[in-house]
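Worksheet: the structure to be examined is printed underneath.
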Ligand code: MOS
């Protein structure tokens, strides 16, 4: 059945509670089998020879020594036409034209991982080194070495609304600033990897992926085999942040080597390969000009943006928030990606949105200061209550005003702002920023609930649990609807061979799309059970109630334990199938959030310390308070990295990445994250979205975090830090400049 119009839960006993993950113990105990743990009999191990140059043409590949190395069973390179090496998106899999450090030149399968690595070291390659560009500024210069034949930057994509000249003419104040963000790496705890196994013409792949069905489709297409013969399994998955949404070359490599050798092949990347080859968040250069009237009315936004996307065409707009978050009649936007000779960008938690917030929310701060209005009040005045990108549709729900108001109250905004400290070597300030997230959602999920004769339940759905708690939340929905204890529910998911279909776990849409399908399946089971009870007890269905494993009539009698239903005993099992109904056609669905940050800046050392943060989020109904909190804490933590420490550094002399390790690429550790991270759920039950009342949380929890920190930095120092990350060296330089000018 579809999830159309079931009654809202009036009150819940399981959904919303802070329940631990149902698979938390096995994950912690090391019993959960991730792709890296998947070992098959006779399995070989793969390793890749990667181009060490930013830009080069492979002149000659000499495999003779490598072939003689112990344990080597297969080597594939561009020379192996007979192996049927496919194209991978826009280039050949082992294209002799290498456009970044880390491009695949040849791959080896050997008996052990160490033998595979050794054999790779025995491959000898001659290159013709070519000129390269390693920054978007250089790539845009006339005469810059071209990354692709089409040039380094396509024509900008314009967006216009209203009359931008009129908008600036009407403004009492105009501010203009160029913002810059850096390349961020995904750094999931589990590396990217696959184990591939052929059985005749059937291919089975264990893959560390967010989207098993996307991997299945990608492999079937590239290898020209029917979808029905490709099985992808992703039962446990150690994070992806967008870099594991679609097919990666390593998966194709594992499948090709397995086909060639007739043996299973495991290919899990090294940390260095993770840093170089499997994606990143593009850096942005954003020139944002904005106009405001004295009373706080916005009159104009003009944005010129470039995204540094690496060596292959990709896009990442940072305009969304500028267009949609606030009411502004006149908007002009021009954006274009810029290619450089470096690893390709890929979707990264709320693609484009933290960058958008970095520019917009600092600009909002500057405008508020110009007109002498409190930054929270200024935002409240301008929040758009309709969604412009969806032709001014109303939202199913918008909790952004509550995020601002309730968040400010809980953070103690006014008091904290009043005690900002600007004298002495260590100064202190607070900042605020808001954000939203936009969906690319396709409501396509199906779920199956099987109620067994002994009262245990199997839930089957396609969605991967990428560490967010999907399995737990879906089990809660079943437990809520059927009154079955959590411990009696088994969840099977993310296996294209045995589970239902779900779109990839990305776009923060899994809970929103899958939980109503799960609820619909459970409701179908429940109605079948009630029908059985009605026949057995001779009581009309409408008078029956299911609770605590019993079905009872009015006032509690007659009653029967579900497990004792003769219908169930005879049939042995009751199955319900649920599908997510379409989104409401006339409404837009968006989650929102506002973050508050307090920072200390040491003016002598340039260090910025986040003292405390608070995140107020509107993601619709809270499904599990514990996993909810974890998502938001993770969002703030990643935001601290964006604002203060994370940056891919390329050496300008060689174009090579100099910090492809966890020592030099700095993600926040426990030492960098304040103990005071507070989560304030705004908990509207959005019954227009779906039957579970919930929107999405993962990505929106990151969007405003870094901008709030940047605004706090300004409040503390009186100096605007426009470039992320705000490093100690950049702080010293900014303060010196300000001193000279002041
Ligand atoms: Mo997300 S960047 O859709 O995993």
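Note on the stretch 228-353: Cα-only Rg and Dmax are 20.6, 73 Å.
Taking a point 7 Å out from the Cα of residue 389 in the direction of its Cβ, the residues of the stretch 574-599 whose backbone N falls within less than 18 Å of it are 583-594. If you wrap the stretch 55-100 in the convex hull of its Cα atoms and look at it from every side, the mean projected area works out to 4.1 nm².
The residue 304 and residue 327 beta-carbon pair, evaluated with R₀ = 22 Å, returns a calculated FRET efficiency of approximately 0.50. Checking the a/c ratio against 1.5 first, then a/b against b/c, what shape does the Cα gyration tensor give for the stretch 327-377? Note, shape of the stretch 327-377 comes out prolate. Label-to-label distance for residue 294 and residue 128 is 6.8 nm, based on points extended 7 Å past Cα in the beta-carbon direction.
Ranked for footprinting exposure by Cβ neighbours inside 10 Å, fewest first, 358, 437 give 437, 358.
The stretch between residue 199 and residue 11 holds 62.7 nm of extra length on full extension. This uses 0.36 nm per residue minus the Cα-Cα distance.
Using r as the Cβ-Cβ distance of residue 155 and residue 609, and R0 as 56 Å, what FRET efficiency do you calculate, to the nearest 0.05? Rounded to the nearest 0.05, the efficiency is 0.80. When a/c is below 1.5 the answer is rounded, else prolate if a/b is larger than b/c, else oblate, so apply that to the stretch 359-417 with a ≥ b ≥ c taken from the square roots of the Cα gyration tensor eigenvalues. Judged from the Cα gyration tensor, the stretch 359-417 comes out oblate (a/c at least 1.5, b/c at or above a/b).
Across the chain, Cα pairs under 8 Å and at least six residues apart give a relative contact order of 17 percent. Stokes-Einstein diffusion of the stretch 629-706 at 10 °C, 1.306 mPa s viscosity, Kirkwood radius from Cα pairs, rounded to a whole number: 106 µm²/s.
Please report the base-10 log of the normalised intensity I(q)/I(0) for the stretch 656-742, using a Debye sum with one equal scatterer per alpha carbon and no solvent, at each q in 0.10, 0.16, 0.20 (1/Å). Here log10 of I(q) over I(0) equals -0.47, -0.90, -1.12. Taking every alpha-carbon pair within the stretch 144-261, the share separated by more than 22 Å comes to 57 percent.
For 87, 198, 206, which order do you get if you count the other beta carbons within 10 Å of each Cβ and list the fewest first? Numbers along the way, then the final one.
Numbers: 87 10, 198 19, 206 29.
With the sparsest Cβ surroundings first, the list reads 87, 198, 206.
For a modelled paramagnetic label at residue 739, 7 Å from Cα along Cα-to-Cβ, the residues of the stretch 571-610 in reach, with backbone nitrogen under 20 Å, are 600-609.
Using the alpha carbons alone, the radius of gyration of the stretch 13-72 stands to its Kirkwood radius in an Rg to Rh ratio of 1.29. Taking the square roots of 5 times each eigenvalue of the Cα gyration tensor of the chain, largest first, gives ellipsoid semi-axes of 42, 39, 21 Å. The Cα-based radius of gyration and maximum Cα-Cα distance (Dmax) for the stretch 194-272 are 11.6, 35 Å. In the chain, helical runs assigned H by DSSP with n ≥ 4 each contribute -39500 (n - 2.57); averaged across all residues and rounded to the nearest 500, the mean residue ellipticity at 222 nm is -8000 deg cm²/dmol. Subtracting the Cα-Cα distance of residue 419 and residue 374 from their residue separation scaled by 0.36 nm leaves 14.7 nm.
Remark: the residue 569-residue 138 segment gains 147.9 nm on full extension, using 0.36 nm per residue and subtracting the alpha carbon distance.
With the simple spin-label model, which puts each label point 7 Å out from Cα in the Cβ direction, the residue 426 to residue 26 separation comes to 4.7 nm.
Reported to the nearest whole Å, the Cα centre-to-centre distance from the stretch 154-232 to the stretch 318-395 is 20.
If the Kirkwood radius is taken over C-alpha pairs of the stretch 301-361, then at 25 °C and 0.890 mPa s the Stokes-Einstein diffusion coefficient equals 201 µm²/s.
For residue 669 and residue 732, what does the FRET efficiency come to when R0 = 22 Å and r is the distance between their Cβ atoms, rounded to the nearest 0.05?
0.45
May I ask what percent, to the nearest 5, of DSSP beta bridges between residues of the stretch 113-258 are antiparallel? If we restrict to bridges inside the stretch 113-258, about 60 percent are antiparallel.
For a test of the definition: using alpha carbon positions, the gyration tensor, and the 1.5 limit on a/c, classify the stretch 78-152 as rounded, prolate or oblate. Judged from the Cα gyration tensor, the stretch 78-152 comes out prolate (a/c at least 1.5, a/b above b/c). The value for the stretch 33-140 of Rg(Cα) / (2.2 N^0.38 Å) is 1.20.
In nm, to one decimal, how far is the modelled label at residue 111 from the one at residue 545, with both set 7 Å along Cα→Cβ? My value for the distance between the label points is 6.9 nm. Averaging 1/r over each pair of different alpha-carbon atoms in the stretch 364-477 and inverting the result gives 19.0 Å, the Kirkwood hydrodynamic radius. What percent antiparallel are the DSSP beta bridges of the chain, to the nearest 5? About 75 percent, rounded to the nearest 5. If one puts a single equal scatterer on every Cα of the stretch 525-659 and applies the Debye formula without solvent, what log₁₀ I(q)/I(0) results at q = 0.15 Å⁻¹? Values returned for q = 0.15 Å⁻¹ are -0.92. Note that the stretch 430-522, at 20 °C in a medium of 1.002 mPa s, gets a Stokes-Einstein diffusion coefficient of 154 µm²/s from its Kirkwood radius over C-alpha pairs. Arranged from fewest to most other beta-carbon atoms within 10 Å of their beta carbon, 692, 327, 727 become 327, 727, 692.
Where a number appears in this text, it was derived from the coordinates with a stated rule and is not lab data. Bear in mind that the values here come from a model prediction, so they are computed numbers and not experimental data. Positions of Cβ are backbone-derived with ideal geometry, glycine not excepted, and every protein chain shown enters the neighbour counts.
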